[in-house]
Every structure is written in structure tokens, then in C-alpha cells.
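As C-alpha cells, the structure follows; a few thoughts come after it.
The values are calculated or read from the model by the stated rules, or taken from the named source; none is laboratory data. Keep in mind the model is a prediction, meaning the values are calculated, not measured. All Cβ positions, glycine included, derive from the backbone under ideal geometry; neighbour counts span all protein chains shown.
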Amino acid sequence: MNRVVVLVDGFNLYYSIRDAVNETGASLKWLDLRGFCASFLDPIGGGATLDRVVYFSAYETHKSRAKVERHKTYVEALKATGIETQIARFKWKERWCKICSTLQPGYEEKETDVALAVRLLELFALDECETVVLVTGDTDLLPAIRTSHRLYPDKQVWVAPPHKRWNTQLAEEADNSIKIKRKKYFTHQLPNPVIRSSDAAQIWKPTEW
């Protein structure tokens, strides 16, 4: 038995998809995350089964309401397809501008990296799976990967950096890695609309996507 849980860094994946959109002009943001993550099972092998997918992100409430509503619609579509979601927040923070040598106002996503790291260790501590796949190219997860190897040597951590987010450090620290190519975004798109089984509600892809 090889139960697999996939933990998705939502913004790391989103910016990769946005790059693919800019490169091709295609509409790719309505990603079928369950199908996308299930495609990792063949490379993992060993009777791997997809136990669950957890999507970590945050709403950019400091930006336009329309942008936030599009994101919320996508999250509702993910929930309707059985994806677990964990939504964090953005916090106002001044940033140093190297060009103008002044502090500039800005916002920073908070809690997502820590939430991913905690969930990784929690899954192993509770023996809820044998393998975790991290969909991210963010090296902030390296300490969690190292700790999981030390505490749970019989468990496996794979990394699947999104298109154009490949990270050699992550690949070297993980038990194995999956390279996500742009074409995978084309292959795994949600139907439009997504039908929610609980009440037959239709969740439509935002028109601007």
C-alpha cells in the first residue's frame, strides 16, 4: 500500500500557469487539480493511490474585487471536485526597493509555507500516508523535507516543481522528483461548468480566464 497525499503551493503553481498562458495565449487557469495530481501516480509507482489533494493559497484582498472573486470561484470548483483547501492571508509589509533605495508599500503572503510544512509532518506523524508530493519550487520547504527524513525515514517526500519553477536543491533533498511540463496544464482542465454534487449547483469558469 502506498497512499499518496499531494500538497499544492497554490501561488507557486498559479504563477507557473500564468507563464504558460503568456507563452501560448491559451486559457489554462481552470486547472483540474485532482486529475493533474493523479497523473503523478504512474511515476511514483508501487501501487500508489491518491488519498487526497490539499490546496494552499490566499486571497489577494488588497487587489481588485474581481480578481478575488475569480479566485474564490476557482476554490469553490476545487472543493466541488473533492480538493481540500486551506486559505491563508496577505499582510501589509514595506519592502526595500534596490532601484530607488527607499521603502515601498507592499503585501506579503503569510502562513502558507508554514502550513505546508506543518501538514507534511502531521501526515507522517499520524501515519495518514506513505508518500507526500509537494507541488512547489519554493526552497522554504527544505527544512520540513529534511526533518521528515530524519523523523520518518520509512516515508517518502517527492517534489513536483511546476513548469519553469524547477529547483535543483529541492530535487536533491527529496526522495524523488517529477518535472511538470507545460503540456500537462493543457491536458487537465476542469469541465465548464463544474457541477457540485451536494446541490447540483453550476460553477462556471470566470469569463476573463
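Brief remarks follow.
- Neighbours by Cβ (under 6 Å, 6+ apart or cross-chain): first from the range 186-200, touching a residue at least 24 places away in the same chain (Cβ under 8 Å); second charged (D, E, K, R): His188/Asp32; Gln189/Asp32; Leu190/Asp32; Asn192/Lys205
- Of all residues in the range 76-106 being among the polar types (S, T, N, Q) and either closer than 19 Å to Lys29 by Cβ or surrounded by fewer than 16 Cβ atoms within 10 Å (Cβ to Cβ) (or both), the one that is modelled with the lowest pLDDT: Gln104
- Selection status of Val132, free of Cβ contacts under 8 Å to residues at least 40 places away in the same chain, crowded, with 18+ Cβ neighbours inside 10 Å and either under 19 Å from Gly35 (Cβ atoms) or not charged (D, E, K, R) (or both): no
Rundown of residues vs (1) under 14 Å from the mean Cα position of the chain (by Cα); (2) farther than 17 Å from Val54 by Cβ; (3) surrounded by 13 or more Cβ atoms within 10 Å (Cβ to Cβ), yes/no style:
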| residue | (1), (2), (3) |
| --- | --- |
| Thr136 | yes, no, yes |
| Ala144 | no, no, yes |
| Arg150 | no, yes, no |
| Lys155 | no, no, yes |
| Val159 | yes, no, yes |
| Thr168 | no, yes, no |
| Asn176 | no, yes, yes |
| Arg182 | no, yes, yes |
| Leu190 | no, yes, yes |
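- Only residues that are without any contact (Cβ under 8 Å) to a residue 40 or more places away in the chain and in a loop (DSSP other than H, G, I, E, B) were counted in the range 25-44, giving 1.
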